Amino acid sequence: MKKFLFFLLILSAAKVTSQNKQVLFNFAELPQSLLLNPGTETNYKFHFGVPLLSSFSMEFGSSGAVLTDIFALDHKDINDKISTVLNALSTRDFVKLNSQIEIISGGFRLDSRTYISFGIYDEIDVISYYPKDVFTLVNEGNNAHLNKSFSASQIRYKLDVLGVIHAGISRKVSDQLTLGGRFKIYSSALNMESSNNTGTFTTVLGRDNIYKHYLNNINITARTSGLFNSDDELIDDPNVYLNNTLFGDNLGIGFDFGLTYHISPQLEFSGSILDLGFINHTKNIKNTTAKGSFIFEGVNFQYDSDNPISYWGQIDGQFKEQLPTDENQESYTSWRPTKLNIALKYSFGERRSKICYDNTYKDFYTDAIGAQLYSVFRPLSPQLALTAFYQKSLTNKVQTKVTYTVDDFSYANIGAGFSAQLGKVNLYGMLDNILEYRNLSSANSISLQLGINVIFN
């Protein structure tokens, strides 16, 4: 039962995370694409998003295990399935969650070449690498792994709950080149992170007792911000976290940069760098550190009723002396996960025209193919995704896009999106990894995005 609950917790966490929105990137001139590339071309006068409905996105993934690995009805022993999953895990496997919801969004044309956009959104971003040694130790114990060193360096995780206030500018420098930038103010409601840990735990056969245990060169740090109040009490009121996403006590800044360049009328290059920024955590801090080494070989009990000995008290004292645990409220800085997008698109098919904000007509092609490279910097190493895509304009008001992505989760990730303009109202929706929707419990990753805008051309 302990094993069952332990793995249920871990795999459930994977389903409750980063943020490769390859279907949305440079798609159909949607206002939300400005958040992925502030240098995206715009051909409308102004827009605003329906509050709380303009953009909702959710992505989760698990690169090492899925629910059916443990809970499939295959008449196999659950303990054997847990061991199989543990053996298959690597130290580079991870679980992640990313969710964003736009509170408000809008934009307006400053002049014929310049577009201003702004908004507020809340974000949850989580990544945790599977600490395989920790899982194995909890699941199988140390008796089955004598002389094996279990490493603390595999403990790596980061959780952020924050609000983002942003304003950006997109300017058409020439007929070929559009540049853009965005300034962001981050307000952190919750941060939990731990990385760059060191140390090992090893069990060997002992002399005075059966086993001898070594904790060598332990150096573990866990930082939290916003989880505990000034009285060291756990904050369990959701309203406190919600309020802190808007100009809370732990603030930071960030920048986005992007461009779109027409190599020819039909060949287009685009790219962006997102979230070059940090958050300075100064309020409601609780950091925990453990540093040192400790050797333990059990207890040789000697009973003396006249002079009782507190063996466990002695051990506890030695442990605290040799491997002290400390708590502090020191401020710290956390860095946002910087993202990189690069894309090349070739347009073809029927040539059409549509009216723009200045009552001129812009020519465009009904079809386009291309490729996009995405990267996000994470605690262990960058994570990459390569996407091939096909876009189709069914009419001047209805756009579609199909993607095929290779990433850490799958070599056959098929996504699709649509954008429809009904008068001034724009509706859009996107799904990723569509084939996995037949059985979500066996999916390594799923993502979706949808929203409603009002756009004035």
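The values are calculated or read from the model by the stated rules, or taken from the named source; none is laboratory data. These numbers come from a predicted model, not from an experiment. Virtual Cβ from ideal backbone geometry, glycine too; neighbours counted across all protein chains shown. Quick note on the areas: whole protein, heavy atoms, side chains included, nothing else; ligands and nucleic acids left out. Shrake-Rupley method; radii C 1.70, N 1.55, O 1.52, S 1.80 Å.
Below are the figures for this structure:
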quantity	calculated
Fraction of the pair-distance distribution of the chain above 31 Å, Cα-Cα pairs, percent	51 percent
Carbon and sulfur %, accessible surface of segment 98-176 computed with the full protein complex present, 1.4 Å	61 percent
Of K184/K424; K96/K392; K132/K286; K76/K401; K172/K354; K212/K286, pairs whose Cα-Cα distance is over 30 Å	K96/K392; K76/K401; K212/K286
Dipole of the chain, positive end: most advanced residue of S410, I369, P379 [Cβ charges, Cα centre]	I369
Per-peptide average of other Cβ atoms within 10 Å, ordering 255-262, 29-36 highest first	29-36, 255-262
Net +/- balance of residues flanking R182 in space, Cβ distance below 15 Å, scoring K and R +1, D and E -1	0
Cut-off 19 Å (backbone N to label point 7 Å along Cα→Cβ of V204), residues of segment 271-296	293-296
Length added when fully stretched, L427-L450, from 0.36 nm per residue minus Cα-Cα	7.5 nm
Charge dipole magnitude, Cβ of K and R +1, D and E -1 - the chain, Cα centre, debye nearest 20	1780 debye
Charge dipole (the chain, unit charges on Cβ, about Cα centre) - positive-most of N191, Q318, A28	A28
Cα→Cβ-extended label distance, 7 Å offset, between T84 and N147, nm	3.0 nm
Within segment 404-421, backbone nitrogen closer than 20 Å to the virtual label 7 Å beyond the Cα of E350 toward Cβ	418-421
Virtual paramagnetic centre 7 Å along Cα→Cβ of R92, amide N under 16 Å, in segment 391-419	406-411
Theoretical FRET efficiency, 1/(1+(r/R0)^6), r = Cβ-Cβ of A167 and V138, R0 60 Å, to 0.05	0.80
Packing-based order for 78-89, 425-436, using average beta carbon neighbours within 10 Å, highest first	425-436, 78-89
Projected-area mean, segment 335-457, by convex hull of Cα positions, square nanometres	10.0 nm²
